[in-house]
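Each remark here refers to the structure printed beneath this line.
The values are calculated or read from the model by the stated rules, or taken from the named source; none is laboratory data. Because the structure is a prediction, the values reported are computed rather than measured. Cβ sites come from the backbone with ideal geometry, for glycine too, and all protein chains shown count toward neighbours. For the accessible areas, the whole protein counts, side chains as well, though only heavy atoms, and no ligand, DNA or RNA atoms are used. Shrake-Rupley method; radii C 1.70, N 1.55, O 1.52, S 1.80 Å.
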Amino acid sequence: MTRYDGDMERTFAALPPAHGRGFAQTWWGQAWLKALEDTALDSTQLKAGRRLARAGAVGAVSVRPGRITAVVQGRDRTAHRADVLLEELTADEWDRFLDMAVERAGHVAALLDREMPPHLVEDAAATGIELLPGMGDLEPQCGCEAWDHCGHTAALCYQVARLLDQDPFVLLLMRGRGERDLLNDLQARSAAPDAGGPEPSEPEGVDAAEAYATGDILPSLPALPELPAEPGVPPSLDTETPPAPGVDPAALEFLAARTAAEAHRMLAEALRTDPEQHIADMELNLEQDAVRLTDGAPHTSVTERLADGSGRGREGLATAVRAWQLGGVSALSVLDEEWSVEGEALARARAALESAWDEEERPALRAQGNRWTVVGTPGQLRLGRDGRWWPYREERGRWVPAGGPARDPATALASVRHTEEEQP
């Protein structure tokens, strides 16, 4: 629960323990932790801070411009007030940030969705504004009188990473602006007329009051048709007429049945009244469509034809169907593509892997492209282009999907271990 004390202070209730999960799932939360870990001189204190944060020893967190505060209970049950200071942006820097954000409407929309896209941070940096903290920017102050980051201030930073995941406005408040003030300033700048431009002309179109008054003249739209309970049944090809050379009646019947099922699905999608429920269809290539068809193929002869036509072979097609069932086109891309992780994507991947486990618990990983193999085990993590991690397991010399995707690599790898436990 969050309490607002005006727009310039927010107090977050103590978060529950974070056993078995990373503290930061978003890239900006991971950047926050990197600033902490690059700044702290004593890695022992960082480990102590992670343990305290995981155990739920951090009390309610107060966020104000330039400062975060919480009472942290140490392992000896002694409570200390911990503060971490972050320099506020100047008035001139805020003006430049607001001008930049107004010029790019997507930045404002992303913030309202509680997202901080990389290009927002990059555009801000291009104007000389560093939103995210860097090495040395997080200044600790603690009642235990430690001169550097101690376990208490480290625990506070790890807990704040979880808050940043949920709401990037927490970072902007630390930099000096509350959410309401920031949005009001953005709205005022968006509405301000251009001083050098022409006078606004009379808007074109129909007056809203007139259009509403004449609305009852138009006939109402017809009611939506009801969705049939099941897909239609295609005509049977079981006739006395022999098929033409090269025509496989079983394959035609199968394709007709799958087409009817797909039409039923598309009609159900079109009849949904909630726009949030609509799913954007992706056009499949021939290889992907062969996998989709195989997922519902009851005939061995059809499956064999699809295996030959897709170029995967029977075992390869079975593996692809498993991937399709776990995640559709995205899962197939992770199965088939090996790509080079570079630049910002590589930095995010490394940060995710480093923060997913304590140092002593982190498995040894061997990287090749977007694939990280756990040394000495039949487990592997694959990074999708959308930043999600997919678990894989080696079976009979072939890597196969072991579960659905996760933002946290530790969670994904747990799927591999769960699969191992289930096997006899």
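In order along region 385-398, the phi-based Karplus estimate (6.51 cos²θ - 1.76 cosθ + 1.60, θ = phi - 60°) of 3J(HN,Hα) comes to 5, 8, x, 8, 9, 10, x, 10, 9, 7, 10, 6, x, 10 Hz; Gly and Pro are listed as x. In terms of accessible area, using a 1.4 Å probe and ignoring ligands and nucleic acids, E394, E230 rank largest first as E230, E394.
Per-residue Karplus couplings for region 140-146, computed as 6.51 cos²θ - 1.76 cosθ + 1.60 with θ equal to phi - 60°, are listed in order as x, 9, 9, x, 7, 6, 5 Hz, Gly and Pro entered as x. Three semi-axes describe the equivalent ellipsoid of region 291-410; taken as square roots of 5 times the Cα gyration tensor eigenvalues and ordered largest first, they are 30, 14, 12 Å. Taking the square roots of 5 times each eigenvalue of the Cα gyration tensor of region 84-173, largest first, gives ellipsoid semi-axes of 28, 15, 9 Å.
Given in Å, the Rg to one decimal and the Dmax to the nearest whole number for the Cα atoms of region 21-114 are 16.9, 52.
Computed from phi, the 3J(HN,Hα) profile of region 79-89 under the Karplus parametrisation 6.51, -1.76, 1.60 (θ = phi - 60°) reads 8, 10, 7, 10, 10, 10, 9, 9, 4, 7, 6 Hz, with x in place of Gly and Pro. In nm, to one decimal, how far is the E361 label point from the R75 one, both placed 7 Å along Cα→Cβ? According to this spin-label approximation, the distance is 1.5 nm.
Along its three principal directions, the equivalent ellipsoid of region 343-424 from the Cα gyration tensor extends over semi-axes of 20, 14, 12 Å, largest first.
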